[in-house]
1. Could you calculate the FRET efficiency of Thr109 with Val34 from 1/(1 + (r/R0)^6), where r is the beta carbon distance between them and R0 is 22 Å, rounded to 0.05?
2. Relative to the longest principal Cα axis of the chain, at what angle does helix 2-15 sit, 0 to 90 degrees, rounded to 10?
3. If Lys and Arg each add +1 and Asp and Glu each add -1, what is the summed charge of the other residues whose beta carbon sits under 10 Å from the beta carbon of Lys120?
4. Grab the Cα-Cα distance for His75 and Ile123, subtract it from 0.36 nm times how many residues apart they are, and report the gain in nm with one decimal.
5. Tell me, what ³J(HN,Hα) does each residue in segment 63-77 have, in order and in whole Hz, if you take phi through Karplus 6.51 cos²θ - 1.76 cosθ + 1.60 with θ = phi - 60° and put x for Gly and Pro?
6. Can you compute the equivalent ellipsoid semi-axes for segment 48-92, i.e. the square root of 5 times each eigenvalue of the Cα gyration tensor, sorted largest first and rounded to whole Å?
7. Once you place label points 7 Å from the Cα toward the Cβ at Phe116 and Ile65, how far apart are they in nm?
8. Quick check: at a probe of 1.4 Å, how many percent of the accessible area of the chain sits on carbon and sulfur atoms?
Amino acid sequence: VSFGISAYGYYKALHVDDPIDPYVLVHTGRTSIVRGDITINLDTSEEYRLLENDTIMTRDNSESIIFWPDRSTTHLGANAALTIHTMRVSADYTSIELEASLVQGKMYTNIVRTLFPGSKVSIRLPNQ
């Protein structure tokens, strides 16, 4: 039994930095994900997996955090909307393609990886 537990701990340590399935976590308030003709409503502390072409919309007095596949994060403030265009990360992080557009509101992003040639992270801002 102890070998099984220690082997599992070793496995987890080796894979702790693997790409993750991207998701949004509602920090406070309400957030909606618009996916085609569907709207998914989330409340505080709920999370939901994200796909390309999703639009994440926060409500009044709400904040949400997007966790990208490379473990970078984007924090959305109240009344913000962000559309994901491209979200692809290779298992070894040599190729990262993240593209999104901030439709309205405020946000900030923490990039946690060094980008190799050919990789890109692009978030377009609204025309004001």
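1. Once the sixth-power term is evaluated, E becomes 0.60.
2. Between the helix axis and the principal axis of the chain, the angle is about 40 degrees.
3. Summing Lys/Arg as +1 and Asp/Glu as -1 gives -2.
4. Extending this stretch completely gives an extra 16.0 nm.
5. Each residue's phi maps through the Karplus curve to give 9, 9, 10, 9, 9, 6, x, 8, 6, 5, 10, 10, 9, 9, x Hz.
6. Result for segment 48-92: semi-axes of 22, 11, 7 Å.
7. Between Phe116 and Ile65, the simple spin-label model gives 2.8 nm.
8. So the carbon and sulfur contribution to the accessible surface is 53 percent.
The values are calculated or read from the model by the stated rules, or taken from the named source; none is laboratory data. Note that this is a predicted model, so its numbers are computed, not measured. Neighbour counts are summed over all protein chains in view; Cβ atoms, including those assigned to glycine, are modelled from backbone coordinates with ideal geometry. These area figures cover heavy atoms from the full protein model, side chains too; ligands, DNA and RNA do not enter into them. Shrake-Rupley method; radii C 1.70, N 1.55, O 1.52, S 1.80 Å.
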